[in-house]
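What follows is calculated from the coordinates using simple rules that are stated; it is not laboratory data. None of the values given here were measured: they were computed from a predicted structure. In this analysis, Cβ positions are derived from the backbone assuming ideal geometry, glycine residues included, and neighbour counts consider all displayed protein chains.
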Amino acid sequence: MPSKRSIARGGVRILAGVIGVAVAAGALVGAALVPLPTLRVTPPAAKVTPVAADQQRVCPGGLLDLADATDASSLSSIGSPSITTDASTSITQRSLKTPNVSGGGAPRVIATQSKNGGERPLIAGAQSQNATEADIAGLAASSCGEATSDGWLVAGATTLGATSLIMLSNPSAVQATVNLTVYTEAGQAEAPGARGLVVRAQSQLVVPLAGIVPNAQASVVHVQASGGSVLASLQQSTVQGLAPQGVELVGPTATPAKHLVIPGMTVANVARAAGGAEGASSSLPSVRLLVPGTTEAHVTVTATSETDAGIVGTQSITLQGGTVREVTFDHLIDGAYTVRVASDQPVVAAARTVDAAATKSGGSATEQAEAATQDFAWFVASAPLLDRTLLAVPSGASPKLHLVNDSDTDATVKVSETGGSTHSVTVASGKAVAVTVSAQQTYTLDGTKGLRASVSLTADAASSAFALNPPGPLAQPIVVYPK
Amino acid sequence: MPPTVTAILVAHRGAEHLRRTVDALSAQTRPVDSLVVLGVLSDEATTSVAAGAAADQLLASNEKLPYGTALSVASRVVPPATSDDEWLWFLGQDAAPEPDALARLIETVAVSPSVAIAGPKLVDWDETAVIRELGVSMTRFGATIVPVEDEFDQAQHDRTSDMLAVPSAGMLIRHSVWEKLGGFDPALPVFDDGLDLCVRARLAGHRVVIVPAARVASAGDGVSVPARTPKGRVRRRQHRQKRAAQLHRRMAYAPAFALAFHWLSLVPLAVIRSLLFLIGKQPGLIGGEFAAAFATAFGGGHVGQARSAIKRVRAVKWKAIAPLRIPRAEVRRMRALRRETSLVRMHGERRDVNFFTGGGAWVVLAMVLMSIALFAPFLGTSQLGGGGLLPLNGVGGLWANLGYGWRDIGIGFVGAADPFTGVLAVLGSLTFWQPSFSLVLLWFAALPLSALGAWFLSTRLTHRPVLRATFALVWALAPMLFDALQQGRPAAVIVHVLLPWLFYAGTAAKRSWAAAATTGILTAAVLACSPSLAPALLVIWVIGSALAGRGVVRVLLVPIPALVLFAPLVWQQVVRGTPLAVFADPGVPLPGATGHPLHAALGFADADLGGWQSLMSIFGLSSLVPSIVVPILMAPIAILALLSLFLRGTIRATLCLVGALLGFATAILALQVSVATTGSQAVPLFPGPALSLYWLGLIAAATMALVAMGRFAIAPATVTVALAAVAVAPLAIAVPLQTSSITEGVANALPAYAAAQAETKPRLGTLLLTPQDDGSLAAQLVHGTGDTLDDQSTLSDTTRTLSPDEKKLAALAGNLASTSGLDSTALLKHFGISFVMLQTTAGEGISPSSQTQLRAETALDGNPVLTQVASTDDSVLWSVPRQKATVAVPADAGGWLRVGVLIALGVVFGLTLLLALPTGRTERGTLRRPTAAEVLGQRAKKKEPEPEPDPAEPEPTESEAATSEAAESETRDPETTDPETVESASVTDEQRQAVDAASGGTDSEATTETAPTPVVGQSAESEAGAEPSSGAKPDASTESDASTEPDASIESETSTESDASIESQASIEPGAGVTEEPDADTVSEGDRNAE
């Protein structure tokens, strides 16, 4: 018979056990469910604003004519573009060497010195050229851009009648080794010849895209330079039969991002162009998209009219990684649009519109078609501007400055014509405005922080556009953890 | 004229003892002629007893007079000596003479006119068969020696007569000599008063004899003899008094030319002796040692008075008393003997754990094989990298990094080192030829070492080899250990290895100074590896202190090394305003993903549930599967741990589970806290070490449940081990699977181009730029061939602000990574940067970090100051061709603080290590005087065929010492003794053997001590034959063997000398068997050195 003592002991044990089990359960539940106070220290960081550097821009030079679509040695220049430049300090110009191009029209480097420790000097330049050759005709305008080590050219085609030249301008003092990665509608192209291209210091190398990807309808070129930096541009021209169907000199588009803005896509004479003999779709405004890498992306492209800010076109597609796709807007009327691309993966994009001249009356349909002159324009995505921007407008018809404000607050931009009048423009939040500017004139824009801008030149069969970009991302402030 | 005797009786408080003494006085067969009683601060009861003593003079003092002074005071009321036949007899209340004591004394002195002082045999108050003290003597160096002490009286000393001195208790002194000598030396209030007086008497040409036939019972009240008590406080005070007395006599007796030398040696000797006390595990005596040394050195004129007192009376040379001193060999023999007897009293302190026969060796061997199999790819490598593994500096650099000084991480700064550098210094010194190799060894040895420590800890839980093996295996197969191994966290690995040892030593800390000191060092090491364990260990320490009882002083020592080790760092962090940063994990800050609290409950410190989730995703199974499988695998441990509460040993199981709860709570909190940063990331505390503590408590409780299950424990134990092994399998095979972070060789090393230059230029600067996930840039300055593990500093990781130099470095890095107009030459020179390296591990994908990588690469490529020299998959390297400058470490970094911190660390850890040194000596036995029962008991035992184990030490408690320091309270649970009856029986058997062996020693001692008697007798006789006055001894007839009575032969100093030498020679023999004990020699050697 158990003694009182052992009964008491057993009782104590059971009590201890029950309490222990309860405490254990409590600890588990508490650890899993009770929100505990957390302590997270913030790493000490310094935001470094790089010291202002000398600024230089490269104007890609005159348009080139390629006698043989695949022979890079048969390039010749068809003249020099007109260049408009301005800078907040004195400006110097020099030409780059063009070893594999005959003729003039070499790329020009415009540069300005920074004042010691002062603010970054502003510099801007733009070029334009109206070609009227037998096989190249149309307006090609481009801004003078910064050489970088990484750029995306969203343009180009190498189908029959299309000529695309990649122009790599290296303004730096060291030679650059460039790798081109070309994406087409068939995916990433295997092109050994596009690797390790040497661009000598202070010179330009022109690479025909057809040598890399023959017969591609839509191409996107990723330009990566090591050593020196290059400005990559793409000259695309089209011939329909014997008639030139336009030319464009496209600069790099914005770096891959999940949200892209293409300001000022200008649609002109869309009915006329789409009504041409060729299939309508190729003449409709379209947006070319690429998701770098291998991941699938769901992309929504919207076009918003600048004038009434209503969304007039929305396209949603699923993009395969590494495959170029184009979406077409078939209900747009003439006017300027802001194209926004929203994606769940970083994408690159650019938009293209076709502008046609009025057909001559009379003659057969074939004559009309052959005589019909078209020009197309590429609108690339642009990056948010800094507070103060210098704008150079090249020669061309009815130049317009397009400003898009995607920030939460309205922006007021003071547009000062160099040696001329000043007026203010208000860009409401989420809206866009077009400002009429004068050709071959320069402007100082104040209050453009966060805005995106482009310049379009529009005339019958002579359209072109270029984006305004802030001074290179390489000069942006950067957060450094010096530990 | 017949001699007259005046007895002087000094009484303090203690009426009982006084009454017996007074009665004994009046019962003398030869009554005293007069009696003077002096009451010193006596209470009423004592005074009334004294008043009833029929004293001729009754004095009282309101001052606290020491015995010697009291006697001097009292002797003043005695009429001055008129003849040599007037005697004074000194007694205290605690010295009760036997009825014939005075008669025997008078008999002896009456026949020897040269005898001025005679002393009785002091026997135990209650047990007169126990000799407490028989005469006093000195070594050759002047140390006091009591030749016969605490012995069973078998008449073995009754022939002794000549003795250098006799104690003051019961001393009979010729009044005239007393007056001439001027009484006791007032500088010797407690110890050596009698010795000193006798030495002076001898120097004055008188003789001192011991009269063994006269017996005085001595109670040890602290009146006439120093108090005999085991109380530590009294013991420490007595040590001071004893040492002070010895030093005083040394100064008083020394020849004049040696005085200065002796004086200078006082404090150094105190230091040396203190160190020896540490080794001897008697740290309590150190204070007294220094107090005595300083009191003697600066104590004023006592030495001068004593020297002049000697000079005044000295008639013979010092050489004359030299033969009476005890020779060195004899001293050594006596000490060895005394230690031996005390060891016998202390039997059973150490137990054999049967590591080899108990299966421990097999467990460790199994873990060695498993470790080799799991880390086979690293066989033959000399260095590991990846995770938190970095190379170590050379041995010199490792030790130079200790304490306070230049922290060579990044730009570098002056500050306190992480305590972890100390652990690394010790670790790296193991493979001093290549310290980094020690980390490879650690990785291979982690499993077996963990099992080894756990096995030893398990001996405190159970005696069953199966359960010990279970405990060791489950500890070695712990998920948090594999987490630490595969993530490359050396600190957490070390914690897991050390934690069982910490508790193994900790449970013994209250009983042993060595264990306490070891616990202190292990605590410091564990906290150095994982400061986040500090709160949990603090709680455990508080509980342990509360339950330590009388051993609390030892337990209080435990945190001291850790406190000293952490003091500089804590101080700097507190001054900086970031006190919580003290808890930051040392070593390389590894961000890592933090696990879910419930994963932590399963023991896994990472977010991947020990590799189970990745494994399941490989097989395409849902991530829910591991969430179900792993808890099932861990369930047996949890069930057993909770079950232990319901079974026998509830209290100990509770304590274990409290430990587990503390570990779990620490781990959960650690998941919430990040105090360190690396680059743009906050680094959370690693919960691994806390989970180790959790695991330890859990499996200790589980083992207790298994113990309580008795023979039904085999199956659950097997299942537990098997399932735990399966649970950690994905983590364990991470190296063969190549999912481990650790790699052969150095990870993130500089490219060969820079490394080659850094070999020759150790201060070569490299700026390491690492793009961060958020698009920012981390910039780090690296010197030489790269960072080392011991250069890491939590002070640097946990800083919340940037120093001016760091801001400069940020500006440089930011501009280098940008298109910039900055002329970076000046800054590159300022930091001595020869190379700029950009980590290009961000990958091809589009991400903020790859954008930053691109930006930096472009800018660096375009920078005319830099030239790209190498490019690998992981990095691109630019050199600064025109850079010649390097930045040297400031020569005086740290200044006096560095020296001070190093000295403080050295002193504290040196002393703790000395205290922790295993000397094989027991601690209490050598200090305590044996009780009469013990003296008799030992004698009695050897006569019994089967001696009983000492009941004073309840062995089951010892054998059941618990895992937690607090577990001692378990002795109150009577049932806990039940499961271990087998063990306690076996232990008792061991003890019996030990007792047998020891009592065998005492046996031989006893027999040899009696056996050589005829030899002594013969030689004494032969001596006696040469003496003319040999037949004139009246007391010769009282002894059965008159010829063996050495006293008979002694008339002159020369004969005394020969006698003494014979005596000592004879007594060497019994000690011969004992002195072979190596420890006995070591300690006595030490003592001698100290003198």
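For the stretch B:107-140, trypsin sites (Lys or Arg not before Pro) meeting the loop criterion (DSSP other than H, G, I, E, B) and having at most 13 other Cβ atoms within 10 Å: B:Arg140. Size estimate for the stretch A:102-258 follows the Kirkwood approach: the inverse of mean 1/r over distinct Cα pairs works out to 16.5 Å. Estimated from helical segments only, the mean residue ellipticity of the protein assembly as shown at 222 nm is -12500 deg cm²/dmol, where each DSSP H run of four or more residues counts as -39500 (n - 2.57).
So, counting K/R as plus one and D/E as minus one, what does the shell of residues with Cβ under 14 Å around A:Ser464 add up to? Intermediate results must be reported in sequence, preceding the final value.
Values: positive: A:Arg352, A:Lys400; negative: A:Glu248, A:Asp355, A:Asp375, A:Asp460.
Computed value for this residue: -2.
Neighbouring Cβ atoms from other chains, within 10 Å of the Cβ of residues in A:18-31, number 5 on average.
Averaged across the residues of B:811-817, what count of C-beta atoms belonging to other chains lies within 10 Å of each residue's C-beta? Present the calculation step by step, with values, prior to reporting the outcome.
Working: counts 7, 3, 6, 11, 8, 3, 5.
The shielding value for this peptide is 6.
One quarter of the convex hull surface built on the alpha carbon atoms of the stretch B:113-206 amounts to 6.6 nm², the projected area averaged over directions. For B:Arg407, nonlocal amide neighbours, meaning residues 5 or more places apart or on other chains whose placed amide H falls under 5 Å from its own, are B:Phe413, B:Val414, B:Gly415.
For the stretch B:4-231, the relative contact order works out to 25 percent when only alpha carbon pairs closer than 8 Å and six or more residues apart are counted. Computed about the Cα centre, the dipole magnitude for the stretch B:752-879 is approximately 500 debye when only Lys and Arg (+1) and Asp and Glu (-1) carry charge, each at its Cβ. Computed from Cα atoms, the angle from the helix A:4-33 axis to the main principal axis of chain A rounds to 10 degrees.
An oblate overall shape is assigned to the stretch B:1-83, the ratio a/c of its alpha-carbon gyration tensor axes (a ≥ b ≥ c) being 1.5 or greater and a/b not exceeding b/c. Phi-derived couplings, Karplus 6.51 cos²θ - 1.76 cosθ + 1.60 at θ = phi - 60°, listed residue by residue for the stretch B:21-32: 5, 4, 4, 4, 5, 6, 8, 4, 5, 10, x, 6 Hz, with x used for Gly and Pro. Spatial offset of the stretch B:832-879 relative to the stretch B:723-759 amounts to 24 Å, using the alpha carbon center of each. Which residues does a label at B:Leu538 reach in the stretch B:653-672, if reach means a backbone N under 20 Å from a point 7 Å past the Cα toward the Cβ? Once the point is set 7 Å along Cα→Cβ of B:Leu538, B:658-672 turn out to lie under 20 Å by backbone N, inside the stretch B:653-672. Averaged over residues, the count of other Cβ atoms within 10 Å places the peptides A:150-157, B:560-567 in the sequence A:150-157, B:560-567, highest first. Here's how it looks for B:Ala217: its modeled amide H is under 5 Å from those of B:Ala96, B:Glu98, B:Val123, which are all 5 or more places away or on a different chain.
What whole number of Å gives the distance from the Cα centroid of the stretch A:137-216 to the Cα centroid of the stretch B:19-87? Cα centroid to Cα centroid, the span is 123 Å. Couplings 3J(HN,Hα) for the stretch B:819-833, derived from phi with the Karplus relation 6.51 cos²θ - 1.76 cosθ + 1.60 (θ = phi - 60°), are 6, 9, x, 6, 7, 7, 4, 5, 5, 4, 6, 4, 8, x, 8 Hz, where x marks Gly and Pro.
State whether the stretch A:91-131 is rounded, prolate or oblate according to the following rule on the C-alpha gyration tensor (a ≥ b ≥ c being the square roots of its eigenvalues): a/c under 1.5 gives rounded; otherwise a/b larger than b/c gives prolate, and the remaining case gives oblate. Could the numbers behind the result be given before it?
Details: a/c = 4.92, a/b = 2.12, b/c = 2.32.
Here the stretch A:91-131 falls in the oblate category.
The Cys residues in the protein assembly as shown with no partner Cys Cβ within less than 4.7 Å of their Cβ are B:Cys198, B:Cys529, B:Cys656. Close amide H contacts of A:Gln345 (hydrogens built in the peptide plane, cut-off under 5 Å, sequence separation of 5 or more or a different chain): A:His298.
Taking the protein assembly as shown, how much of its Cα-Cα pair set, in percent, is spaced more than 48 angstrom apart?
Details: 726060 of 1237951 pairs.
I get 59 percent for the Cα pairs in the protein assembly as shown exceeding 48 Å.
By definition, a body whose alpha carbon gyration tensor gives a ≥ b ≥ c is rounded when a/c is under 1.5, and the stretch A:53-480 falls into this rounded group.
Averaged across the residues of B:821-831, what count of C-beta atoms belonging to other chains lies within 10 Å of each residue's C-beta?
On the way: counts 15, 6, 1, 1, 0, 0, 0, 0, 0, 0, 0.
Taking all residues of B:821-831 together, the mean is 2.
Taking the Cα centre of the protein assembly as shown as origin and charging only Cβ (+1 Lys, Arg; -1 Asp, Glu), how large is the dipole, in debye to the nearest 20? Taking the Cα centre of the protein assembly as shown as origin, the dipole is about 2680 debye.
Reported to the nearest whole Å, the Cα centre-to-centre distance from the stretch A:425-442 to the stretch B:575-644 is 58.
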